[in-house]
Every structure is written in C-alpha cells, then in structure tokens.
Amino acid sequence: MNSFFEIFGKRGLAVCAGTALMVVVQAQQYTVTILDRPGAGRSQGVGIDGTSQVGNLIPSGEFNFRPMLWHGSAASVVDLTPPNCQYSYVSAVHGQRQVGRAEFGTMHAVIWSGTAASAIDLQPQNWYGSEALGMSEDTQVGYVEAPALDRPYFGAVLWHGTRASARYLQPPGYTDSQALGVSGTTQVGWGSYADQSRRALLWHGSAASAVDLTPPGFFDVTARAVSGNEQVGEGYSRLNGYTRALLWSGSAASVQDLHPVGYHSSKLAATNGNAQVGESRATSSPLSAHAMVWRGTASSAVDINPAGFLRSSATGISANGDIIGTGVSAAGYESAILWRAVPEPNSIAFLAIGTVWMLRRRGS
C-alpha cells in the first residue's frame, strides 16, 4: 500500500499515487509506505537508519512478536528471529546492525547483522536477563535485570558488541535505571529512587557521569533518544498530570517544552538533531494519538497521521528526515509505517537547473 501524502501546516492532503508533479509548498512532504503485507498480522515500526527500518510483527494466528528488518518496502522484509527461539523483539538499527532481545530461557540482549543466523547473545554473566534498546556506531545500550521476590530490578548498561564489554551505568543511590538511546559518547534514559518516580538521565559512558535532566514542574520524566547535543523525551506535568514533549541540550536548565497548543498530551520518541518525532493527543480526542513531527519549537508541530488511519505514532527518524512508526487503520489493523521525506522544492529546483546545465554542456 503506497500513497502520496503531503503535509500543509496541520492539515493533510492525500493525492494520487505516482504523481509526477511536485507542488511547491513551504512545508515538508512525505510519501507513505505500509511495510507489512495485507493479512500478514499486526506490525509495529520502531527504528530507522539510512535505508533500513526495523519493527516487530505478530503473524496472523500467532501470539509472539517476530523481529523484522525492511529496506523500504513490504517485499524486502527479513525475519530476524534467531534459530530455536520462540520469542524475540528488535528495538533499534544502525548501519548494518540491529539490537533487541530474544528468549533463551530468560530474555537476553542480542545484536544482529541483518540475518536471523547472525544473532549474538549480549547477556552479561551473573545477571538474570537483559535487553538492548538503542545503538549508535559500535555502542549498544539497554539494561540488565536481577530477579527479586516482589519485582525485578533493572540496571542501565552499555555494550560494545560483546557480552564481555558490558558496563553498568546505574548511578549510586538509584534503585532502577534503563538506558534507552545513544549517540556518540552520550547515552540517555531514566533512573528511579526508592519512591519509583522516574528521573531523566544523561550519561557519558560511566555511572559517575550521570546528569539528572528532570526539570522543575515535572515528574516521572524519561529521556528516550539523543542525537548530538539534543535529547528528547517526555514528562508528566505537575499542573495537570498529562505528559508533555520535552527537548534538552545537556542539562535540566536547558529544557524546552514542545507541547503544542490544543493538545491533551504529547511525547517525543526520537530526534536526528534537526527534527523531532513522537505523538500527540488532541484535546477533542484524547484517546487517539497522532504521529507528529517538530522542528525545535512547540509551534512547529505538524500532524502527519496518514489519511485512513484512526491513530498513529512516530518512533524514529533518520538523518535525512525519513520517519518510522505505527498506525491503526479504520478497519482496526495495526501496521508499521514509513514516511519518506520528499526533497524540498528548492533542492529539486537546484537539481533541475544542474541537470539542464549538464545537458547544455554535453550538447555544446
């Protein structure tokens, strides 16, 4: 299922697939691709990098997720489920590698290199379980799990491709933590004290480097992703108890509230350093989230929920602005969605001028 979808302010206009004309507008345009085949089951898109997308599929008639890798189309799908593994889940992709978790008695963090057979177990010794949630270059982040009588305890961890490289990131005084995203030498996530209230955290490779990003006026705050010096996530407002999309640049004092006017709640899931993506719920329909994209301010928020979908969420964005996420259609089907960024009209005009100049040169 392919369609052409243009974003004008906060309104979407569907136009015919395969249209050759480019309408010049002052807003980003996207083509929308559904990444699962009709009747394949329930799918979710979770991560994107370059031309690769990852997500998870529950096949029709089954109950467990299977990790999927795509390269821009439903036909390109690769099932990453490791041999002899009933349950596995992919969380992120960078370059030719993917990370997530797989069940080997207990849940273990794994890293793939594009095939099911390439799965490598990252589970550190002396821990009950683990999961990898984010990756960048040669670094993976996530958590390790220790069992307890009343509930499991989680500790943030980073790896460099092997189980022996695991480094514990939980700061002193915290009872739980998870690392969710990484960019270069910076990691982000959350930690909690005994009261179990979450604090957004930023690390630079060690437990001692932890920085609390939690701003005044918020509770249960999570930093979900990082790109360069930009971190994104959400926190619950102490004024009304609803989540608000938050953007940081390395400290609690740097926080920017990106919650758009007229919305009930909002959250950010990913950033490429220039644009941020996530979801918002309109005040008029607080039960239906719509995928949103921002450019650093609350007023820049644009609703990119595709035509024909009741709700959607954006969970990843690539360096060139392509977006991955999930949508639920009017018929109730949940599908992984790829929004491809169409080059800006100025870029297209520049390329066209260059092409004409080259043709003239060749003809002279």
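Worth a mention:
- Among the residues of region 102-118, the ones that are part of a helix (DSSP H, G or I) and in contact with an Asp or Glu (Cβ under 8 Å, 6 or more places away or on another chain) come to 1 in all.
- Unique match (being surrounded by fewer than 17 Cβ atoms within 10 Å (Cβ to Cβ) and among the small types (Gly, Ala, Ser)) among Gly129, Gly105: Gly105
- Listing of strands (runs of 3 or more DSSP E) fully contained in region 1-63 that carry 2 or more residues being under 29 Å from Ala298 (Cβ atoms) and at pLDDT 50 or above: 29-34, 41-49, 52-59
- Tally of residues being more than 22 Å from Ala319 (Cα to Cα) and in contact (Cβ under 8 Å) with a residue 40 or more places away in the chain across region 112-140: 6
- Search result, residues across region 119-147 that are of a type outside the set (S, T, N, Q), at negative phi and assigned to a loop (DSSP other than H, G, I, E, B): Ala119, Leu122, Pro124, Trp127, Tyr128, Asp138, Pro147
- Scope region 81-90; condition under 11 Å from Phe65 (Cβ atoms) and either of a type in the set (Ser, Thr, Tyr) or buried (at least 20 other Cβ atoms within 10 Å of the Cβ) (or both); matching residues: Thr81, Tyr87, Ser88, Tyr89, Val90
- So Thr186, is it farther than 20 Å from Ile120 by Cβ, without any contact (Cβ under 8 Å) to a residue 24 or more places away in the chain, polar (S, T, N, Q) and surrounded by fewer than 24 Cβ atoms within 10 Å (Cβ to Cβ): no
- Residues that are surrounded by fewer than 24 Cβ atoms within 10 Å (Cβ to Cβ), of a type in the set (Gly, Ala, Ser) and part of a strand (DSSP E or B), drawn from region 232-249: Ser237
The values are calculated or read from the model by the stated rules, or taken from the named source; none is laboratory data. Remember, it's a predicted structure, so these values are computed and weren't measured experimentally. When we count neighbours, we look across all protein chains shown, and the Cβ atoms used for this are built from the backbone with ideal geometry, even at glycine.
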